[in-house]
Amino acid sequence: MKIKKILPQILTLVFIVLIFGFFTMNAQENMETRGLDFGFGFLKESASFDIQFSLIDYDGSHSYARAYLVGLLNTLLVAIIGIILATLLGAVVGVARLSPNYLIRKTASFYIEFFRNIPLLLQIFFWYFAALRALPMPEDASLLFGSSFMTIKGFYTAAPIWTNGLVFFAFFILAIILIIFFNIYAKRKQEKEGKQFPKFYISISLLITIPLLSFLIAGVDLSWSYPEIRQMSQSSYTFDGGFKIPPELIALTLALTLYTATFIAENVRAGIQGIGKGQKEAAASIGLSPNQVLKLVVMPQALRIIIPPTTNQYLNLTKNSSLAAAIAYPDLVLVFAGTAMMQTGKAIEIVGITMATYLTISLAISLLMNWYNKRIAIQEK
Amino acid sequence: MSINNFDLLKSNHQKKRNISLILGVIFFSVGIIDFYLNNYFNTNITSFLPRIINFFTPLIFAVIGLHLIRIEFSGIKILDSLNKNINTSNFNAVLSTSIILLIIFALPPLLNWLIFDANIAGDTKEACTGGGACWVYIKVWFNRFMYGMYPNAEQWRINVTFIAVLAFMAAGFFVPARFRNYLSFYYTILLPIISFILIYYIISGGSFGLVWVETGAWGGLSLTFMVSFFSLIFCFPLGMMLALGRRSNLPVVKYSSLSFIEFWRGVPLITVLFMSAVMFPMFLPEGTYIDKLIRVVVAITLFEAAYTAEVIRGGLQALPRGQYDAAKSLGMGYWQLHIFVILPQALKLVIPGIANTFLALIKDTPLIFVVGLLEVVGMLNLAKTNPKWLGFSMEGYVFAGIIFWIICFSMSKYSQKLELKYKTDR
Amino acid sequence: MFKYVKQLTSLVAMVAVLFAFTTETMAAKKSKTLKNTQKKGFVRCGVSQGLPGFSNADAAGNWTGVDVDVCRAVAAAVLGDANKVKFTPLSAKERFTALTSGEIDILSRNTTWTLTRDADLGVTFVGVNFYDGQGFMVRKDSGITSTSQFKNGISACTNIGTTTELNMRDFFNSKGISYEPVAFEKADEVVAAYDSGRCDTYTTDKSGLAAQRTKMSNPDDHIVLPETISKEPLGPVVRQGDAVWEDIVRWSLNVMIEAEEYGITSGNADMMKTSENPQIKRLVGSEGELGGKLGLDNDWSLRIIKQVGNYGESYKRNIADTGILPDRGPNQLWTKGGILYVPPAR
């Protein structure tokens, strides 16, 4: 009996060890013949190449490790913006899919069916190579919203210039802390006395007034730098000042948002439909308005069904952002597993680091989701 | 007297209702016509108004019209259903009108570009005289988009192989009841082997008098199908093994399956393909060289097997424990229990999930451009930079989009049908 | 009795394995790549994805170009027929890994010879078949005629993972100009981005600029600026670790250049067998045993010259006559004012 349990395990172990050993031996032998060495020392070397778009200070004299950081931050930037936008869009479309209004319902399902069935890479190519290339050159661009320009070279808009920006930030954090405490206090008060506070309005007003106070009393100031057109040669112009978003980032975010929002919309729809009719009827019978039913009864329960598959979609979005390598957006794969790998030749180390990074992000999100699942499950009791 | 309180048995109310209706229809039509004129005839009948209001006049008129039409029980059936569906409140009226205006704004130019102004006759770039899409470009490159760089004279071989494989797949439905038990064996083991042999000898060639065509020349939509097909049939048995391993009680087996699955699910497919192109040859003894296509299929198979394993595991979990207990009480061992009792039932449950995986697989095939294989999207990118055909990238993407959309949409509809069918079975 | 038979059998088996192993190892000392190539029957050559003049395929799938001719020379030397080559188009990203992984045996893809590449990537450069430099291309209507007219904020398109990316940075830094690098993987995408106006300038080796210009929608709308901002010696590359194969490729290229030096062409190679100049006789194989030293037969150099031609013929056929770069510039023999000076084949 014991043998039956131990034998398959030993066989599996031997099999795994053999395979890993075979690969490692071959890799070592191949690297020796080619004169390559295995090591991570290259991370300290200077990168010698510039990156088009970076959130932190970077140029070619910095190390490969810093280039890795730039790529990682760019990936996270796309992922976070994409997740926020896709969630908003997906929630709206998901709810619209259940609307009694025929036109809205059909439009929502048309959107879902259309964008879900076309490969993401094709959508990215379309937005970048076909749509954004048709934008006008800077000299022909028309003014949008008073200070922004949408051109083939990117989206230029006004940039904020802070004096004492950190003080403003501190006030902002203070406002958030106050809001959290207030909400906890209001909830306790409500459970004890049944008094309902207009939590939402008070929170919003706190969020707005306290940072604004910093302008009055702490010497914070905000001015804007506007993009101004400058001629570089007889036929090409550019904008100085202001803030520029490269078209690569726009195309990637647009494609990722539109694609992932379809899946999130389906999850939201399944979540709302999964609530038994009895819940809605019982809530209506105690006199709650349709809005209150949605907010207090349906959404909390629906969230339990919606969150796990949606977290999966967030993960997919983060992984799909690696398709940036197909257009020239400098994300982790393009900068590190692309340019850096080609310049240093350290394929195994670099691909290993890249995969480890993505694995860490996936595991982090999975852990977060497991923690959240456990938290809601307890409340059920 | 609000509109909603008509008591239609009174004749003067009826008159009021009729007036309201007619006014409403007039306003609504004015709104729509104004919008249409604004966009297509560049005339603006309300240009005397300030600019902001002028922009919104069609919307305002149409919403007023809908408001007037909104009679709760008008007695006219069509009107009632229209009101219930589109016009339940002012907010809904605004939304509906916006959608209608959007359709009027977008649909005619789109149809013009796609069909009415498009060119399809001719052979060269000069034949595209209209302002619309240049389908001549697609027509000229059609062979390349379907078959890649495969020599024109040999393309019949690809067609023959595909028909043969489809025939073999369909044959499974026509076997007499005697052989039904062996169907799963047929699909998971025999069919892959037969298909591989067919593809190796007919498409790749090199013997029986057929010219050898190297895998680098395969491409287009036929490559998409080949890669998806092989990845699917190989990832299925592997996924099954992994799912069983994940649920096993033996710690070594369980944790190695778990780490394998979590590893492949946590990394993006593009890095996996990159690894197979760049790193994988380093891990093989010097001098051995495995064909690029095989490496790609192996990489995609391992990747998709992890997702398939999760889907199958969901199916295994959904089976009631009673099945396991009953089978064990009949004296079945681990393998007998699974092959004859558990897996047939679990697989029925997960067919929609497998169909989803296949769909995701087809949508992931364009990524193989990183290793230099050119399927449909890759061929598109190649064609659009040909000096004789510059500037037609839009037509190419629309064409590829349509093809993929048709394939994926039909597959998802079919899988929904399957899901309904198998749901009622239980 | 049976016990002795068993022991004897295992002893014989062990000796046989050892023997096979040693002969295998001894044969491997020669050149694995050479052996594999002769076994396969074709040379595996990595080329670009379509660069007119260097490696470009026509509609029927025939490859032509000076880089292509290097591989054809090796095929003529090793296999006897210059057409026994399999060409694999590679992007700048995958070219070195295709070489080190064993997918190709020669990389002839206008690759710049640098220290880092020689030392770090596990490859060896075996010569230079085109001396070039990096330049910039701009639109004629921009009015720019020199790189000194570049202004801050210029956007420059180029390929990922090339020396171009690094040189571009050095150049703009030295001039103190802030620029926006836009780097794509495929040369076609770079050209499309520049052509559409996304970038103000396109930078790569000047020969590449001249060649890619022929692929643009209006070639006459673009000019190549006169400044050369770096040295770009382009040449064939092989894997590190196979010294015999290195020598074969190196000397195949050298023979082509030296043949032009002595006036041997594909037309008169046979006649030159009876020349009075001993070096000419060595080059056409009627004297000396040079082939055997490389593991080849003695007609190897004759076949190269007859089937592919000398360097001048290759250049004329692919680059001069097609109008890409009629002036040979530094790519001329040292006796005629250029810098092509190769070690003698003797």
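The values are calculated or read from the model by the stated rules, or taken from the named source; none is laboratory data. As the structure is a prediction and not an experimental result, all values here were calculated from the model. FYI the Cβ positions are ideal-geometry reconstructions off the backbone, even for glycines, and counts take in every protein chain you see.
Pull out all pairs, ordered by first then second residue, where Cβ-Cβ is under 6 Å, the residues are six or more apart or on different chains, the first lies in the stretch A:128-142 and is within 8 Å of chain B (Cβ to nearest Cβ), and the second is among the basic types (Lys, Arg).
Taking only residues 6 or more apart or on different chains, not a single pair turns up.
If you go through the stretch C:234-252 one residue at a time, do you hit one that is surrounded by 20 or more Cβ atoms within 10 Å (Cβ to Cβ), more than 14 Å from chain A (Cβ to nearest Cβ), over 30 Å from B:Glu286 (Cα atoms) and at pLDDT 85 or above?
No - not one qualifying residue is present in the stretch C:234-252.
Here is a list: A:Leu55, A:Leu73. Which entry is in contact with a Leu (Cβ under 6 Å, 6 or more places away or on another chain), in contact (Cβ under 8 Å) with a residue 12 or more places away in the chain and surrounded by 15 or more Cβ atoms within 10 Å (Cβ to Cβ)? Quick ask: steps written out before the conclusion?
Numbers: A:Leu55 fails: surrounded by 15 or more Cβ atoms within 10 Å (Cβ to Cβ).
Answer to the check: A:Leu73.
If I go through the stretch C:208-235 residue by residue, how many of them are touching a helix residue (DSSP H, G or I) at 6+ places or on another chain (Cβ under 8 Å) and more than 14 Å from C:Ile144 (Cβ to Cβ)? Even if it seems obvious, please write down each step before you answer.
The initial filter retains those residues of the stretch C:208-235 that are touching a helix residue (DSSP H, G or I) at 6+ places or on another chain (Cβ under 8 Å), namely C:208, C:212-217, C:219-225, C:227-230, C:232, C:234-235.
Among the residues that remain, those that are also more than 14 Å from C:Ile144 (Cβ to Cβ) are: C:208, C:212-217, C:219-220, C:228-230, C:232, C:234-235.
So the answer is 15.
Within the stretch B:329-366, work out how many residues are under 27 Å from the mean Cα position of the chain (by Cα) and farther than 16 Å from B:Leu232 by Cβ.
4
Name the single residue that is surrounded by the most Cβ atoms within 10 Å (Cβ to Cβ) among those in the stretch C:153-162 being more than 7 Å from chain A (Cβ to nearest Cβ) and not aliphatic (A, V, I, L, M).
Looking at residues that are more than 7 Å from chain A (Cβ to nearest Cβ) and not aliphatic (A, V, I, L, M), I get C:Thr162.
Looking at (1) exposed (fewer than 15 other Cβ atoms within 10 Å of the Cβ); (2) facing another protein chain (nearest Cβ under 10 Å), which one does A:Arg375 not meet, given that it meets all the others?
Of everything listed in (1) exposed (fewer than 15 other Cβ atoms within 10 Å of the Cβ); (2) facing another protein chain (nearest Cβ under 10 Å), A:Arg375 misses just condition (2).
Among the residues of the stretch A:220-239, are any among the charged types (D, E, K, R) and either buried (at least 21 other Cβ atoms within 10 Å of the Cβ) or within 14 Å of chain C (Cβ to nearest Cβ) (or both)?
yes
Across the stretch C:163-207, what is the total count of residues that are at the interface with chain A (Cβ under 8 Å from one of its Cβ atoms) and either β-branched (Val, Ile, Thr) or at positive phi (or both)?
Total meeting the criteria: 2.
I'd like to check something: does the stretch B:155-169 contain any residue that is at pLDDT below 80, over 30 Å from the mean Cα position of the chain (by Cα) and not hydroxyl-bearing (Ser, Thr, Tyr)?
No: zero hits.
Would a scan of the stretch B:270-279 turn up a residue that is away from chain C (no Cβ under 14 Å), part of a helix (DSSP H, G or I) and at negative phi?
Scanning the stretch B:270-279 turns up at least one residue that is away from chain C (no Cβ under 14 Å), part of a helix (DSSP H, G or I) and at negative phi.
Of the residues that sit in the stretch B:242-254 and are of a type outside the set (Val, Ile, Thr) and within 11 Å of another protein chain (Cβ to nearest Cβ), which one is surrounded by the fewest Cβ atoms within 10 Å (Cβ to Cβ)?
Ranking the candidates gives B:Asn249 first.
Of all the residues that make up the stretch A:88-121, how many are within 20 Å of the chain's Cα centre (by Cα) and facing another protein chain (nearest Cβ under 8 Å)?
Summing the residues that are within 20 Å of the chain's Cα centre (by Cα) and facing another protein chain (nearest Cβ under 8 Å) in the stretch A:88-121 gives 4.
Name the residues in the stretch C:280-316 that are free of Cβ contacts under 8 Å to residues at least 60 places away in the same chain and closer than 13 Å to C:Gly53 by Cβ, would you?
If the condition is that a residue be free of Cβ contacts under 8 Å to residues at least 60 places away in the same chain and closer than 13 Å to C:Gly53 by Cβ, then C:Lys316 is the only one that fits.
For the stretch C:134-152, give me each residue that is in contact (Cβ under 8 Å) with a residue 60 or more places away in the chain and either at the interface with chain A (Cβ under 7 Å from one of its Cβ atoms) or in contact with a strand residue (DSSP E or B) (Cβ under 7 Å, 6 or more places away or on another chain) (or both).
Of everything in the stretch C:134-152, those that are in contact (Cβ under 8 Å) with a residue 60 or more places away in the chain and either at the interface with chain A (Cβ under 7 Å from one of its Cβ atoms) or in contact with a strand residue (DSSP E or B) (Cβ under 7 Å, 6 or more places away or on another chain) (or both) turn out to be C:Gln134, C:Gly135, C:Phe136, C:Met137, C:Val138, C:Arg139, C:Lys140, C:Asp141, C:Ile144, C:Thr147.
Sort out for me the strands (runs of 3 or more DSSP E) sitting completely within the stretch A:218-269 that have 2 or more residues that are more than 17 Å from A:Phe125 (Cβ to Cβ) and touching an Asp or Glu at 6+ places or on another chain (Cβ under 8 Å).
Counting at least 2 such residues, we get A:228-231, A:237-240.
For residues that are assigned to a helix (DSSP H, G or I), over 22 Å from B:Ile202 (Cβ atoms) and small (Gly, Ala, Ser), tally how many sit in the stretch B:124-172.
1
Is the stretch B:311-318 home to any residue that is of a type in the set (S, T, N, Q) and within 29 Å of the chain's Cα centre (by Cα)? So that I can check it myself, show each step before the final result.
Within the stretch B:311-318, the subset of a type in the set (S, T, N, Q) is B:317.
Still in the running and within 29 Å of the chain's Cα centre (by Cα): B:317.
Among the residues of the stretch B:311-318, at least one is of a type in the set (S, T, N, Q) and within 29 Å of the chain's Cα centre (by Cα), which makes the answer yes.
If A:Ser322 passes every condition in (1) assigned to a helix (DSSP H, G or I); (2) closer than 21 Å to A:Phe200 by Cβ but one, which one does it miss?
That leaves (2) as the condition not met.
In this structure, is A:Glu266 touching a residue at least 40 places away in the same chain (Cβ under 8 Å) and under 30 Å from C:Thr116 (Cβ atoms)?
It is false that A:Glu266 is touching a residue at least 40 places away in the same chain (Cβ under 8 Å) and under 30 Å from C:Thr116 (Cβ atoms).
Looking only at the stretch C:67-107, count every residue that is of a type outside the set (Val, Ile, Thr) and either under 12 Å from the mean Cα position of the chain (by Cα) or more than 9 Å from chain B (Cβ to nearest Cβ) (or both) and tell me the total.
The number of residues fulfilling the criteria is 21.
So which of C:Asp105, C:Asp195, C:Asp120 is farther than 25 Å from C:Arg213 by Cα and free of Cβ contacts under 8 Å to residues at least 24 places away in the same chain?
Criteria check complete, one pass: C:Asp120.
Anything in the stretch C:35-62 that is in contact with a strand residue (DSSP E or B) (Cβ under 7 Å, 6 or more places away or on another chain), crowded, with 21+ Cβ neighbours inside 10 Å and outside any helix (DSSP H, G or I)? List them, or say none.
C:Val43, C:Arg44, C:Cys45, C:Gly46, C:Val47, C:Ser48, C:Gly50, C:Leu51, C:Phe54, C:Ser55, C:Asn56
Return the residues of the stretch B:10-63 that are in contact (Cβ under 8 Å) with a residue 24 or more places away in the chain and of a type outside the set (A, V, I, L, M, F, W, C); say none if nothing qualifies.
B:Arg17, B:Ser20, B:Gly24, B:Ser29, B:Gly31, B:Asp34, B:Tyr36, B:Asn39, B:Tyr40, B:Thr57, B:Pro58
Which one of the conditions (1) assigned to a helix (DSSP H, G or I); (2) within 14 Å of chain C (Cβ to nearest Cβ) does A:Gly21 fail to meet, given that it meets all the rest?
For A:Gly21, the exception is condition (2).
Give me the pairs, please: first residue somewhere in the stretch B:256-267 and at the interface with chain A (Cβ under 7 Å from one of its Cβ atoms), second residue anywhere and exposed (fewer than 15 other Cβ atoms within 10 Å of the Cβ), beta-carbon distance under 7 Å, and either six or more positions apart or on two chains.
B:Ser256/A:Ile16; B:Gly266/A:Leu363
Out of all the residues in the stretch A:1-52, which are touching a residue at least 60 places away in the same chain (Cβ under 8 Å) and not hydrophobic (A, V, I, L, M, F, W, C)?
A:Gly39, A:Glu45, A:Ser48, A:Gln52
What's the number of the condition B:Gly219 fails, among (1) under 30 Å from B:Gly314 (Cα atoms); (2) surrounded by 14 or more Cβ atoms within 10 Å (Cβ to Cβ); (3) at pLDDT below 85?
(1)
When you scan the stretch C:118-232 for strands (runs of 3 or more DSSP E) that lie fully inside it, which ones turn up with 1 or more residues that are closer than 20 Å to B:Thr385 by Cβ?
Answer list for the stretch C:118-232: C:130-139, C:154-159, C:179-184, C:201-205, C:222-224.
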